[in-house]
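Step one of this worksheet: look at the structure below.
The values are calculated or read from the model by the stated rules, or taken from the named source; none is laboratory data. In this text the structure is predicted, and so the values were computed from the model without any measurement. Every residue, glycine among them, receives a Cβ derived from its backbone with ideal geometry; neighbour counts consider all protein chains shown. These accessible areas exclude ligands, DNA and RNA; they are computed on the full protein's heavy atoms, side chains included. Shrake-Rupley method; radii C 1.70, N 1.55, O 1.52, S 1.80 Å.
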Amino acid sequence: MHLTVVERAAGPSTGARHTVNGISSRTTTTAPLGISDVEYEGFEKDEGHLATQDDSVVQTMETGFIPSARLTNSALPPLFSLSLVQYTPPSSLICLTAANNVLFLAAAPLTIIIIDLDKPDELVTVDLPRPAQEKGQTTPSPSPVIKSLFVDPRARHLLITTTTGDTFYLPISPGNPAVQSRRARPLRLRQTITSVAWSPYAGSTDPSGGDHTPSKNDQVTPPSTDILLGTLSGQILSMPLPPQDDIFKSVSISMTKPLERDLQSVYSVPDGRPVTGLAFGFWPSTETSRGTKARRAWTVITTQERIYELQGEVGTAHVGGKTGGWAEELFKPFREGTPSFQELPGQVPNSQLCLYSDSTEHTARSSLPSPSAMAWLTAPGLYASVLTPLPTAKILVRPSLLRYPSVDDGPKQGSSIFQRGSANSPGQQPIPLAVTITKWHWLLLYSDRIVGVSRETEKVVYNEAIPVASGENVIGLSSDPAHGTYWVSTDRSIFEVLIQDEDRDVWRAKLEKGEFQDAHHYAKTPAQKDIVLSREADSLFEQGKYILAAQTYAKSTRSFEFVALRFVDSDERDPLRIYLSEKLNRLDKKLRTQRMMLATWLVEIYLSKCNTLEDIVAAESATSDVESLTIERQMMEEDMRNFITTYQNDLEPKVVYELIMGHGRTDLYLFYCNLMKDYEKVIEHWIEEQEWAKAIDVLNRQDSLEPYYRFASVLIRHAPRPTVDSWCRRSKLVPRKLIPAILQYKRSPNQDLSSDQAIRYLTYLVNDLGSTETIVYNLLITLYATDSDPDDAHLLRFLTTCPDNPLTEAPYYDLDYALRLCRQRNRIQPCIHIYSKMGMYENSVDLALQRGDLELAKANADRPEGDDVLRKKLWLKVAKYVVQERKDIKSAMKFLESTDLVKIEDILPFFPDFVVIDDFKAEICTALEEYSAKIEELKAEMEDATASADSIKRDIEGLRNRFVTVEQGDKCWKCGLPLLTRQFYVFPCQHSFHADCLISMAMETLPSATLRRILQLQNELVVPPGEAGARPLLSASHAAVGSGSGTPRKSGTQITSGSAATDLLLGVTGRNKLMAAGDRLRELIVPDALAQAVSVSVGVGKKTKKKTRVEDNTRTEEARKELDELVAAVCPLCEGAVVGLDKPFIKPEEAVGDWDI
């Protein structure tokens, strides 16, 4: 037997779903039968919802979005399609049921075919046993045929009923064909089963938890479960599965056998009609009035015309046992009366009750969730209801009866196929053969087609003819709750109902019902979500919930002008403010202009709101609501501050300033100025208010220096001390820019110099900051000199302590200006000090003597340092003043003790011609004695000098005869080469060096002056003077243009070398050139050339006169001798060790890592 699955789709094919016996299926697409008249549910095709074309254009202009209904029909695939399973059963199919991805087929007469869709190549066939004829029975019993199949949602238990009223039980072992091939077990019920209800719990699973759940890997023994059985006689039976006793060995079936051990009859319906549908479940435990938790069970029973509802408290979730289990507890109170029911009269040959639960594979194998919907197939129509997972007074919540549609030609476009009516309304339309429930639709099966109806809108969304052959009959519709698959069966074939994007139009249905939260949840595309938001906002606006409407409008793309004008026309300013704020939050930051417009409008709204609240508070100041209004105003102002802070980058400061000041909001004006760091406006405001302290405080808190200069004049006039304090805190201020403000400052007449704030700040600049600007010093001298106080102490103290420029050794102030100012103001002592600073000591002494201040004159006379001639001259002036002006001989004699420069003989000419010598006879004698002593000292010094010279001559003669022995193997202490290879030097310390090595070592320790002299000698020796065309031993880049001789020459009073570059290096052309070239002296000295110059002259000149050649040789010999004395004066090793004591071991150009051990 071969089974192949092939799709037969009425729309776009989704491909084959199964492969059986290794044969891959191939998709075949057939022409749709009657599909052209099918209408699809959804926003896209609902003409009743959409407006006309003109209205749609208006809507587009107003809302700013284009409805997606303008899509073409071909753009939307059908929600459902039929897929043919190409399978040939061994005989005619009687019924089909599905559960947990397993198909159960009943083939005539007694064959059960099990297809596990996870392993479709392993088909299992089970044949039911035929009943044996009873003893003594002469008439042959009718041949039984399978009537119906009942399988639990987990596909582990299968009940089979036959036309003879027998019931068989077959345990299912998915994926285990060897075990599954066992025979079905007959059940001893003595009743004809018409319906079965399965427990939602498997094994020992209990709603309270704690019991054992069977393992998924247990594929042999099915987990126990409980069932309710509806019978043809209207009885309700309960029993557990599998049965407790084992009679699988029985080969005959007889009603005379004992009943199943745990079988119980728990209820009989009042009308005694066959039970066509049965369902039960459990609600979560709830707390009773006595404080205990009780579980509630519910049951729904249907017959041909009635549907019963039973519910009550139970103590367990299992049947059987001594108490009879939950079924006995539930049904016992209803046995004496009639439970709640709904009657729908009319005969229907195939009454059916179906449930829907949103199951998954995982839950299908352990415990199923509570069903959420119910549908009952009746004669008047489809009776549908919602089931809740929580206890309610009614099991069926919001039930409704919906008439069946006419399906001859299919429903018309946009029409609702269901019409609500009462049970008494005659049904004119054909009754479906079967019904099943999907998550969002009802599927109705007719003899020639299948119809899908939306559970939300009750409109047809799918209508497809079933491609049956002649003589082929449609027999049933089954659903797999665990995997959400749906199957249509005929007596010859099987179809699967494929579902594609079933919830595609749910958002629209929820939107029409006003269930906006659900509509948001099911809307998928941005356009759909935007439509939902727009509709929800419209609804909220119409309900007067303007705040919520504003927030929702802001989330949509509804036209900004439409929404804004709608709030403006309704005079709803607060919702408008919220709407604008939300739109601003969502607006792209790149849209600078739009964001600025929105932010500015919001500022205007905030200001208007604050002013309105202030007016209301002022008007109702006597009422009790003023406190709440005040709090509201404060909150609004705080919100505005937060808004301005958040969106400061989206606001134009100039516009905001105008708005705020236009509303007279000074506090917000200052806040915004501080926020934008526009401190100058804040300072301007406080200055206008004459709040000097606040203005200075703001000035101190900001970082810019420009406000200090801008407001310096007005602040120092009105608040001098705080202003100067503020200046002193900013050391980076440029004093020159504050001079105009300082000049405007006028000290009060009753204040002394110590309280003058201008002097205080200038003194701070000089003493604390060390300012060197001349204008600062000149201004400070001006303030001191022009003061009305005649005391010169402050000015003289400043002049005395004023620092001098270390480069010019002159004070930082202008001496000429200071002298002129002091003379104008008759400040004598400062003038004397200034004369002294200017080096005009004679003027300072003369001015001091004019003033009669002898001590000051003596102090100035002694100031010229290093110029004894001038000092003596000044002292003589003072002496002349003492002798001639004061005419006090004794004072003149004491005056001589003040200095060593003036003697008695120097001042004698100042005395009158007829003065008596007796007054200074002793001084004259003392002077003569001192002269006599000095003469003796000079004679002794001369004799010592003569003796020292003789000793030196003897030592020199002895040195000429001193020698040092040099061995043939001696080496140079610097280069390590043999010493005798070239000219060398030997020192008394036994250190010996080659001449060039000695010169290179001596260069490292010789001072700059010696190096310059060596460089000059190098030029003289290497290129003899007087040679025409010769050039010094210097780089060409250092040679002066046009210099053709290296002979030194005299320029004015300064000797030059004749070369500009040499002059630069020798420091004979100015201090600046010397400093620039001092670092390159050692680079310009060539040790090899000097070594040769010491012994042999380098360079050849032209023939000259004999006298000139003798002079040149003499000068060259003197130069060699001087060079020899400079480089060989001391041993470089011995002297260098002493000179290099302060040098580091590691030179700057050396790597520190080289010294690592």
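Once the piece of chain linking Glu604 and Asp1088 is laid out straight, how much longer is it, given 0.36 nm per residue of separation minus the C-alpha distance between them? The partial results should precede the final answer.
Values: separation 484, 0.36 × 484 = 174.24 nm, distance 9.06 nm.
Between Glu604 and Asp1088, full extension yields an extra 165.2 nm.
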Original post:
In debye, nearest 20: dipole of segment 421-566 around its Cα centre with unit charges on the Cβ of K, R (+) and D, E (-)?
Top reply: 500 debye
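Based on the mean of other beta carbon atoms within 10 Å per residue, what is the order of 831-844, 603-616, 385-398, most packed first? Numbers along the way, then the final one.
Numbers: 831-844: 20.5, 603-616: 17.1, 385-398: 14.6.
Ranking, from highest mean packing down: 831-844, 603-616, 385-398.
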Subject >> Evaluated over segment 499-636, the Cα radius of gyration and Dmax, each in Å >> reply: 19.0, 71
Subject >> 12 Å beta-carbon shell around Glu1004, net charge (K/R +1, D/E -1) >> reply: +3
Original post:
How much net charge surrounds Gln690 when only other residues with a Cβ under 15 Å from its Cβ are counted (Lys, Arg +1; Asp, Glu -1)?
Top reply: -3
Original post:
Under 5 Å between amide H atoms, partner at least 5 residues away or on a different chain: which partners does Thr438 have, H built in plane at 1.01 Å?
Top reply: Leu443
Original post:
Hey, quick one: spin label on Thr1005, modelled 7 Å out along Cα-Cβ, who in segment 1117-1151 has an amide N within reach, i.e. under 14 Å?
Top reply: 1126-1143
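Output the peptides 808-816, 934-942, 498-506 sorted from most to least packed, where packing is the average of other Cβ atoms within 10 Å over each peptide's residues.
Working: 808-816: 14.4, 934-942: 9.6, 498-506: 18.8.
Taking the mean over residues of other Cβ atoms within 10 Å, the ranking is 498-506, 808-816, 934-942.
With 31 Å as the limit, write out which pairs from Lys293/Lys439; Lys513/Lys583; Lys293/Lys394; Lys609/Lys681; Lys589/Lys677 have Cα-Cα distances beyond it, or answer none. Before the final figure, lay out the partial values.
Working: Lys293/Lys439 33 Å; Lys513/Lys583 28 Å; Lys293/Lys394 20 Å; Lys609/Lys681 25 Å; Lys589/Lys677 23 Å.
In this structure, Lys293/Lys439 lie more than 31 Å apart at Cα.
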Original post:
Which value in nm describes the separation of the simple spin-label points at Ser731 and Tyr709, placed 7 Å from the Cα toward the beta carbon?
Top reply: 2.1 nm
**OP:** Could you compute the FRET efficiency for Thr808 and Ala1129, with r as their C-beta to C-beta distance and R0 at 35 Å, rounded to 0.05?
**Re:** 0.40
Original post:
In Å², what does the accessible area per residue of segment 699-834 work out to with a 1.4 Å probe?
Top reply: 51 Å²
**OP:** Report the label-to-label distance for Ser372 and Lys119 in nanometres (one decimal), using points 7 Å from each Cα along the Cα→Cβ vector.
**Re:** 3.4 nm
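Using 0.36 nm per residue of separation minus the Cα-Cα distance, give me the extension gain between Leu390 and Lys677 in nm, one decimal. Present the calculation step by step, with values, prior to reporting the outcome.
On the way: separation 287, 0.36 × 287 = 103.32 nm, distance 6.20 nm.
Extra length from Leu390 to Lys677 when fully extended: 97.1 nm.
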Original post:
Which of the peptides 94-105, 337-348 is most tightly packed, and how do the rest follow, judged by the mean count of other Cβ atoms within 10 Å per residue?
Top reply: 94-105, 337-348
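Does segment 690-769 classify as rounded, prolate or oblate by the C-alpha gyration tensor (a ≥ b ≥ c root eigenvalues; a/c under 1.5 gives rounded; else a/b over b/c gives prolate, otherwise oblate)? Let's see the in-between values first.
On the way: a/c = 1.71, a/b = 1.20, b/c = 1.42.
Since a/c reaches 1.5 but b/c is at least a/b, the shape of segment 690-769 is classed as oblate.
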Subject >> Spin-label model distance (nm) - Glu582 vs Ala1151, 7 Å beyond Cα toward Cβ >> reply: 6.9 nm
Original post:
Sequence-distant or interchain residues sharing an amide H contact under 5 Å with Arg185, placed H: which?
Top reply: Tyr169, Leu170
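Averaging over every viewing direction, what projected area does the convex hull of the Cα atoms of segment 970-1021 cover, in nm²? List each step's numbers first, then the result.
On the way: hull surface 16.8 nm².
Average projection, Cα convex hull of segment 970-1021: 4.2 nm².
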Original post:
Roughly speaking, what is the stretch gain from Thr1114 to Gln517, that is 0.36 nm per residue apart minus the C-alpha to C-alpha distance, in nm to one decimal?
Top reply: 203.0 nm
Subject >> Per-residue ³J(HN,Hα) for segment 461-469, Karplus 6.51 cos²θ - 1.76 cosθ + 1.60, θ = phi - 60°, Hz, x for Gly and Pro >> reply: 10, 7, 8, 9, 6, 8, x, 9, 7
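Rounded to the nearest 20 debye, what is the charge dipole size of segment 690-769 about its Cα centre when +1 sits on each Lys and Arg Cβ and -1 on each Asp and Glu Cβ?
Details: 13 positive and 8 negative charges, 34 e Å.
The dipole magnitude comes to about 160 debye.
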Original post:
In percent, what relative contact order does segment 516-644 have, based on Cα pairs under 8 Å that are 6 or more apart in sequence?
Top reply: 15 percent
**OP:** Report the calculated FRET efficiency for Ala940 and Glu855 (r = Cβ-Cβ distance, R0 = 41 Å), to the nearest 0.05.
**Re:** 0.55
Original post:
What is the set of long-range amide H partners of Phe984 at a cut-off below 5 Å, with H atoms built 1.01 Å from backbone N?
Top reply: Ala995
